[in-house]
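Worksheet for the structure shown next.
Bear in mind these aren't lab numbers, they're just calculated from the coordinates by the rules spelled out. Computed from a predicted structure; not experimentally measured. As a convention, Cβ positions derive from the backbone with ideal geometry for all residues, glycine included, and neighbour counts pool all protein chains shown.
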Amino acid sequence: MLSRLTELVPKEQERLKKIKKEYGKISLGDTTVDMCVGGMRGIKGMLWETSLLDADEGIRFRGLSIPECQKKLPAAIKGGEPLPEGLLWLLVTGEVPSKDQVAGLTKDLRARSKVPGFVFDVLNQFPKSAHPMTQLTAGIMALQTGSEFAKAYEQGIHKSKYWQPTYEDSLNLIAQLPEVAAFIYRRVYKGGKPIAANPNLDYAANYAHMLGFQDQKMHELMRLYITIHSDHEGGNVSAHTVHLVGSALSDPYLSVAAGMNGLAGPLHGLANQEVLRWIQGVVKEIGADVSTEKLKEFVWKTLKSGKVVPGYGHAVLRKTDPRYACQREFALKHLPNDPLFKMVSKIYEVVPPILLETGKVKNPWPNVDAHSGVLLQYFGLKEENYYTVLFGVSRTIGVLSQLIWDRALGLPIERPKSLTFGWIENYCKKKAKK
Ligand code: CMX
């Protein structure tokens, strides 16, 4: 992949120069006071090449929808789920890889996957009760001591070469993260005995194996899971944070650790944990074989107590998330009679009309997090506090693919303009008088 990237970098640098020269002064639309005080919704203010999100259709990775990725990217078994290594290749180069290229990348990642022993010592200092996301971020920060970018910067590397150590750090971190993440799982939930990597397995299957899952179907689920959670354009909290922190030339480890702290928020990646807890709350209070009426009451109770229904809604999407839809397809194929899957299907019927009835929720449909926990439960990964770590391992692939390009294109430090209430009031009063 590195040799292909080396060919692509000068071409894309020229492309950016041309865009700046020819279109630099063209307006992409105005911002409003609502956007300023409302979380910058819809502001077109960031370049993100690896994926693009359409409100109705959902995500496309380098132009490919999820079903297209499932068809075009190499799989471990015929007709099976895509290998995340193939997606990584696609995100970094913009090209669909051959089977051989993916096999080469799997091998490259395996060669980079050794985690220094002191990283585990650092993690062992944490109380086991520390949230797995806290431990994951700490593990990434421990790995940061091996940053090639930080070393090269200290040695005075020319800015035109920044992308090369960024590439090395990115592949190293992507390669090392499953072992760190699996160590956290075994330590917190399985009495501390880690499982050694299996060099014959692909990236996702090996991660599942190190967690303690040998079922082929679980390996397929992990391939799908890691593929679909990787990237969701640039404006979401984790991706934007990595881009922002990276724009200060903080190395990939520092940038990803920051992004993981954003992913750990309940309105973002932690929602997958919250969904499962919420479903368990339903089962506990009204039983697994719940009637529609009782479920409606439960949803209203959640809303009236000032909480969100986790797994529903989105800042950009306005239809059912295709990442939800493909997990539903997976469930229909592999666990159609699972009671919790049936519950998820029932929730899908009940929740959207209620969210619409509130009159304020812009997207009443399920997002990626509404489904993932139920699939993981079925295959035995029942510790919901760990779910966001899986999301984090996957998200690292997407955000680092873009970070390599941020450095290759020499994108500048991010610095949007902020305003005060007083500034807004004065400006709007003056405007009203005109
Ligand atoms: N349950 C209850 N209320 C919800 C809601 C939900 N699922 N989704 C949105 N709302 C509320 C908002 O809290 C907001 O209320 P206030 O006006 O009282 O503040 C109102 O509806 C309008 O919000 P919105 O414009 O529709 O949505 P936002 O862009 O502000 O927020 C999101 C998007 C995802 C944070 C929100 O839908 C939410 O909190 N969902 C539940 C948590 C969740 O599933 N997060 C995961 C998202 C996917 C991911 O990042 O992984």
Worksheet item: Taking neighbour Cβ counts within 10 Å as the exposure measure, how do V290, V33 sort from fewest upward?
Response: V33, V290
Worksheet item: Using a cut-off of 20 Å between alpha-carbon atoms, which lysines can reach K161, once sequence neighbours fewer than 8 places away in the same chain are excluded?
Response: K11, K17, K151
Worksheet item: Along the stretch 168-179, what does the Karplus equation 6.51 cos²θ - 1.76 cosθ + 1.60 (θ = phi - 60°) give for ³J(HN,Hα), rounded to whole Hz, x for Gly and Pro?
Response: 4, 4, 5, 5, 4, 5, 4, 5, 7, 4, x, 5
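What's the exposure ranking of H314, H158, H232, going from fewest to most Cβ atoms within 10 Å? Provide the component values of the computation, followed by the final result.
Numbers: H314 22, H158 7, H232 27.
With the sparsest Cβ surroundings first, the list reads H158, H314, H232.
Most exposed first by the Cβ proxy, i.e. fewest other Cβ within 10 Å, how do D30, D321, D54 rank? Walk me through the numbers on the way to the answer.
On the way: D30 7, D321 26, D54 15.
Fewest to most other Cβ atoms nearby, the residues stand as D30, D54, D321.
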Worksheet item: Is the stretch 40-79 rounded, prolate or oblate when judged by the Cα gyration tensor, a ≥ b ≥ c being the square roots of its eigenvalues, rounded requiring a/c under 1.5 and prolate requiring a/b larger than b/c?
Response: prolate
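Explain nothing, just the number: dipole magnitude of the stretch 177-221 about its Cα centre with +1 on each Lys and Arg Cβ and -1 on each Asp and Glu Cβ, in debye rounded to the nearest 20.
Numbers: 5 positive and 4 negative charges, 59 e Å.
It works out to roughly 280 debye.
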Discussion item. For the chain, what does the helix formula give at 222 nm: sum of -39500 (n - 2.57) over DSSP H segments with n ≥ 4, over the residue count, nearest 500 deg cm²/dmol?
Written reply: -19500 deg cm²/dmol
Fill in: Too-long pairs where the Cα-Cα distance tops 25 Å, listed order kept, from K71/K362; K20/K44; K284/K382; K21/K159
K71/K362
Discussion item. Could you identify which residue out of S98, S247, S291 has the top mean-square fluctuation in a GNM of the chain using Cα springs shorter than 10 Å?
Written reply: S291
Practice prompt. Give the cross-link partners of K294 among the aspartates and glutamates, using a straight C-alpha distance below 15 Å as the criterion and excluding same-chain residues fewer than 8 apart.
Written response: E285, E349
Worksheet, complete the sentence: Phi angles of the stretch 335-349, converted by Karplus (6.51 cos²θ - 1.76 cosθ + 1.60, θ = phi - 60°) into ³J(HN,Hα) in whole Hz with x for Gly and Pro, give 9, x, 9, 5, x, 5, 5, 5, 5, 4, 5, 5, 4, 4, 6
